[in-house]
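Colleague: For reference, the structure I am asking about is given below.
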Amino acid sequence: MHSKPPCPPFTADTATLKVRMAEDAWNSCDPERVAMVYTENTCWRNRVEFPVGRESVRQFLRRKWARELDYRLIKELWSFDNNRIAVRFAYEWHDDAGQWYRSYGNENWEFNQEGLMQYRFASINDLPIEATARKFHWSLGRRPDNHPGLSDLGL
């Protein structure tokens, strides 16, 4: 079994780092990279889908990023305790018809002792927006360190 530090129990610094690492991975839009931070038997709730296992997560992410184009995500630590982290997030994307959305959500994560996520529960709402209302304008990939976070953007 491999590990993905930082590992529990989390501190404010290590929980913040874990959240940023997750944001960076998801902004890569690489299902292979992202799936490797979850346990083999990970269990998710993501809207109306309930992927179980790393391979199901890979398939889910392939479908997600084929549908959610020009994806840019910001995550923010909400709370943490021992091996659990709660985050809030927003991401912007458009569909193949060119309609832009800002998706808002919350996630609850639970990690094993190796720092791999074993449970992920996400609640997400999509808000259609005009392209002129977008706030996430960095080049695709990792959000630059000097780009404002959710609280800075008033989101």
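Colleague: Roll a 1.4 angstrom probe over the protein heavy atoms and tell me the percent of accessible area of the chain that is carbon or sulfur.
Modeller: Using a 1.4 Å probe with all protein chains present, the chain comes out at 52 percent carbon and sulfur.
Colleague: While we're looking at this one, here's another question. So the label point goes 7 Å from the Cα of ASP70 along Cα→C-beta, right? Which residues of segment 133-151 then have their backbone N under 17 Å from it?
Modeller: Within reach of a label on ASP70, which here means backbone N under 17 Å from a point 7 Å along Cα→Cβ, segment 133-151 contributes 133-143.
Colleague: Further, regarding this structure: Per residue, how much accessible area does the chain show when a 1.4 Å probe rolls over the protein heavy atoms, in square angstrom?
Modeller: Details: 7840 Å² over 155 residues.
Here the per-residue accessible area is 51 Å².
Colleague: While we're on this one: What is the angle, in °, between the Cα long axis of helix 54-67 and the longest principal axis of the Cα atoms in the chain? Nearest 10 is fine, range 0 to 90.
Modeller: The answer is roughly 10 degrees.
Colleague: For the chain, find the longest principal axis of its Cα atoms and tell me its angle to the long axis of helix 12-27, 0 to 90°, nearest 10.
Modeller: 50 degrees
Colleague: Report Rg/Rh for segment 8-155, rounded to two decimals, where Rg is the Cα radius of gyration and Rh the Kirkwood radius.
Modeller: Values: Rg = 14.8 Å, Rh = 15.7 Å.
So for segment 8-155, dividing Rg by the Kirkwood Rh gives 0.95.
Colleague: How long are the semi-axes of the equivalent ellipsoid of segment 51-111, taking √(5λ) for every eigenvalue λ of the Cα gyration tensor, in whole Å from largest down? List each step's numbers first, then the result.
Modeller: Values: eigenvalues 122, 60, 8 Å².
The three semi-axes for segment 51-111 are 25, 17, 6 Å.
Colleague: Based on the Kirkwood radius over alpha-carbon pairs, what value in µm²/s does the Stokes-Einstein equation return for the translational diffusion coefficient of segment 72-154 at 20 °C and 1.002 mPa s?
Modeller: Details: Rh = 14.2 Å.
Answer, rounded: 151 µm²/s.
Colleague: P(r) tail for segment 8-78, what percent of Cα pairs lie past 14 Å?
Modeller: Numbers: 1592 of 2485 pairs.
Beyond 14 Å sits 64 percent of the P(r) for segment 8-78.
The values are calculated or read from the model by the stated rules, or taken from the named source; none is laboratory data. Note that the coordinates shown come from a computational prediction; the quantities given were computed from them, not determined experimentally. All Cβ positions, even for glycine, are placed from backbone atoms using ideal geometry, and neighbour counts span all protein chains on display. What goes into the accessible areas is simple: the full protein's heavy atoms, side chains included, and nothing from ligands, DNA or RNA. Shrake-Rupley method; radii C 1.70, N 1.55, O 1.52, S 1.80 Å.
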